[in-house]
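The values are calculated or read from the model by the stated rules, or taken from the named source; none is laboratory data. Note that the structure is a prediction, hence the values are computed from the model and not measured. All Cβ positions, even for glycine, are placed from backbone atoms using ideal geometry, and neighbour counts span all protein chains on display.
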Amino acid sequence: MSLTKPCLVLFLALAGLFVNAADKPNILMIAIDDQNDWIGFMGGHPNAKTPHIDALAASGTAFTNAHCQSPLCNPSRTSLMVSKRPGSTGIYGLKPWFRDVAELADLETLPQFLMRNGYKTYTAGKIYHGGHGKKDGEWDVVGPGASGKPFPPKKLVNTPQPHKLVDWGKFDHKDEEKGDWLVADWTEQQLDNMPKDEPFFMACGFFLPHVPCYATQKWFDMHPEETTQLPLIKRDDRKDTPRFSWYIHWKLPEPRLEFLEDAGEWMNLTRSYLACTTFVDSQVKRVLDALDRNGLRENTIIVLWSDHGWHIGEKEITGKNTLWDDGTRVPLLFAGPGVKAGQVCTKPAELLDVYPTLADLIGSEKTEQLEGVSLLPQLQDASAERKRPAITTHNAGNHGIRSENWRYIVYADGSEELYNMVEDPNEWTNLAGNPEYADVIAEHKKFVPTGDLPPAPNSAARVLIYENGRVNWEGEDIPEGAPIPEITR
């Protein structure tokens, strides 16, 4: 039997399953797009300035070894919101919206789960990819969508592929015009007028530092060129990585390190990304201030996350779409009721753990659908045992396995990488060919997913298929031995 949302809510209410809903804690979810580990508490860049996110982290439990389930927006956000791996849904690319796949249409998303448990749900900005979910019964109240606007009259940087979003720098505009400012505005207004007789789930999704990384002079001034460090790199870092590592971002609009250096843009991009991150930190403060002035902080669970990382020259590239730490490591923190304050957890954590963790924090029964594991033990004791590593998948058969001390990568053709993340945190030395580490590889191989589904119908944009020894990238066969594309160099 299939029930519409209003009928389902009425049915559950009559069944007595909304017991003490008004006594449940509120939930504030803050999502940041394309935010790598250049956050103060994560130590990803020495010039990161994120005082408000850092203060929030100190008020709860911060995970410094958290990883996305896909280094791409749509599959990562789908995975978090339904707590299933990309290989379990077949959602690997920027398309399709999972609700358009017949086999996935009935999955209960996080906001739907919370509705069923008595929460009124609100959203603004980017939570699902591409504005999806705004008109699909996912939310009770919908605010402004995500936006990188305003844009300059023409692109600031002449990148090799002229994609309008792949741009960065400063130009004459006002912070109050920015899409993220408007999202924070709306969120503040909702919190200022929030009813006191029902718990709420507020999902606030910021667009920056996703490209275009545009910031006003104020934020650039906080990251002066003379004191800003460029990312640490190793020249020819890809010499010991498999050829397949190129396939998963074969021809992308994000330029490579060679272009940044030749065009004199590496420092500009670095500062732009840092400036946008600091700007978003200021918008996080505005939302948290609204919680405080309305007396909501004490009874509100706060979870902050990003959908994946972002390279700025590391491994000779920019952008996402990789299985290294720069592509997978993300900020993740919880604060509020049920969360121990002042903790830093180095155990591996996954974004698909957010859904079951929130279910535990509000004391509601979890469904069998969830593939994530609750982080409640670590929220109560950061040293609590975590039996499984974090697993990231980018198209079927390509997996990164991140334990507390190691990263193991296996590609669809069987080629491998292994890094000692204690001695080599930048992943500069691939140990996979060294027989001394056979036992380490064998231990991590136990966690490699099997039986990945093929791409869902109508999959597109950054989809790779490997079958019978042949590589097909976005519908184009890559001949064996084809030269690495120079189009984005």
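Assorted remarks:
- Any hit, region 163-175, residues being of a type in the set (A, V, I, L, M, F, W, C), surrounded by 14 or more Cβ atoms within 10 Å (Cβ to Cβ), in contact with a Lys or Arg (Cβ under 9 Å, 6 or more places away or on another chain) and within 23 Å of THR216 (Cα to Cα): yes
- Candidate set: region 362-410, residues that are crowded, with 19+ Cβ neighbours inside 10 Å and basic (Lys, Arg); chosen: the one nearest to ASN426 (Cα to Cα): ARG407
- Any hit, region 91-106, residues being surrounded by 23 or more Cβ atoms within 10 Å (Cβ to Cβ), within 21 Å of the chain's Cα centre (by Cα) and among the charged types (D, E, K, R): no
- All conditions in (1) closer than 27 Å to GLU258 by Cα; (2) surrounded by 11 or more Cβ atoms within 10 Å (Cβ to Cβ) hold for PRO483, with the sole exception of (2).
- Checked against (1) assigned to a loop (DSSP other than H, G, I, E, B); (2) in contact (Cβ under 8 Å) with a residue 12 or more places away in the chain, LYS135 meets all criteria but (2).
- Test for LYS234: is it among the basic types (Lys, Arg) and modelled with pLDDT under 95: no
- Filtered residues of region 98-127 (kept if modelled with pLDDT of 95 or more and among the hydrophobic types (A, V, I, L, M, F, W, C)): PHE98, VAL101, ALA102, LEU104, LEU107, LEU110, PHE113, LEU114, MET115, ALA124, ILE127
- Looking at ASP326, ASP281, ASP353, ASP292, just one residue is out of contact with any helix residue (DSSP H, G or I) (no Cβ under 6 Å at 6 or more places or on another chain) and crowded, with 22+ Cβ neighbours inside 10 Å, and that residue is ASP353.
Let's see how each residue does on (1) at pLDDT below 95; (2) among the polar types (S, T, N, Q); (3) at positive phi:
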{"residue": "SER415", "(1), (2), (3)": "no, yes, no"}
{"residue": "GLU423", "(1), (2), (3)": "no, no, no"}
{"residue": "ALA432", "(1), (2), (3)": "no, no, no"}
{"residue": "ASP452", "(1), (2), (3)": "no, no, no"}
{"residue": "PRO455", "(1), (2), (3)": "no, no, no"}
{"residue": "ALA460", "(1), (2), (3)": "no, no, no"}
{"residue": "ILE465", "(1), (2), (3)": "no, no, no"}
{"residue": "GLY481", "(1), (2), (3)": "yes, no, yes"}
{"residue": "ARG489", "(1), (2), (3)": "yes, no, no"}
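- Being in contact with a helix residue (DSSP H, G or I) (Cβ under 6 Å, 6 or more places away or on another chain), at pLDDT 95 or above, β-branched (Val, Ile, Thr) and closer than 20 Å to SER76 by Cα is a property that VAL373 has.
- Some residue of region 450-462 being free of Cβ contacts under 8 Å to residues at least 40 places away in the same chain, surrounded by fewer than 19 Cβ atoms within 10 Å (Cβ to Cβ), assigned to a loop (DSSP other than H, G, I, E, B) and not hydrophobic (A, V, I, L, M, F, W, C): yes
- Among the residues of region 104-111, at least one is over 30 Å from THR300 (Cα atoms) and touching a residue at least 12 places away in the same chain (Cβ under 8 Å).
Conditions (1) under 25 Å from GLY93 (Cα atoms); (2) surrounded by 23 or more Cβ atoms within 10 Å (Cβ to Cβ); (3) under 17 Å from the mean Cα position of the chain (by Cα); (4) of a type in the set (S, T, N, Q), marked per residue:
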residue	(1), (2), (3), (4)
PRO46	no, no, no, no
THR50	no, yes, no, yes
ASP54	no, no, no, no
SER59	no, no, no, yes
THR64	no, no, yes, yes
PRO75	yes, yes, yes, no
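- Looking across region 84-117 at every residue that is in contact with an Asp or Glu (Cβ under 7 Å, 6 or more places away or on another chain) and part of a loop (DSSP other than H, G, I, E, B), the one that is farthest from PHE200 (Cα to Cα) is identified as ARG85.
- Whenever a residue of region 400-423 is under 12 Å from ILE441 (Cβ atoms), its partners that are surrounded by fewer than 23 Cβ atoms within 10 Å (Cβ to Cβ) and of a type in the set (Gly, Ala, Ser), lying with C-beta atoms within less than 7 angstrom and at least six residues away or across chains, give the pairs GLU416/ALA432; GLU417/ALA432; LEU418/ALA432.
- Screening ASP172 against (1) part of a loop (DSSP other than H, G, I, E, B); (2) in contact with a helix residue (DSSP H, G or I) (Cβ under 8 Å, 6 or more places away or on another chain); (3) acidic (Asp, Glu) leaves a single unmet condition, (2).
- Exactly one residue out of ALA22, ALA13, ALA31 is out of contact with any Lys or Arg (no Cβ under 6 Å at 6 or more places or on another chain), at pLDDT below 95, within 30 Å of ASP292 (Cα to Cα) and not in a loop (DSSP other than H, G, I, E, B), and it is ALA22.
- Among residues of region 371-391 that are polar (S, T, N, Q), those with a beta-carbon under 7 Å from a residue that is in a helix (DSSP H, G or I) at least six positions away or on a different chain give the pairs SER374/ASP353; SER374/PRO356; SER374/THR357; SER374/ASP360.
- Residue that is surrounded by the fewest Cβ atoms within 10 Å (Cβ to Cβ) [pool: residues in region 468-480 that are of a type outside the set (A, V, I, L, M, F, W, C) and over 21 Å from LYS95 (Cα atoms)]: ASN468
- Unmet requirement for ALA412, which otherwise passes all of (1) over 18 Å from CYS68 (Cα atoms); (2) aliphatic (A, V, I, L, M); (3) part of a helix (DSSP H, G or I): (3)
- If you go through region 298-322 and keep only what is in contact with a Lys or Arg (Cβ under 8 Å, 6 or more places away or on another chain) and not small (Gly, Ala, Ser), you end up with ASP307, HIS308, TRP310, HIS311, LYS315, GLU316, ILE317, THR318, ASN321, THR322.
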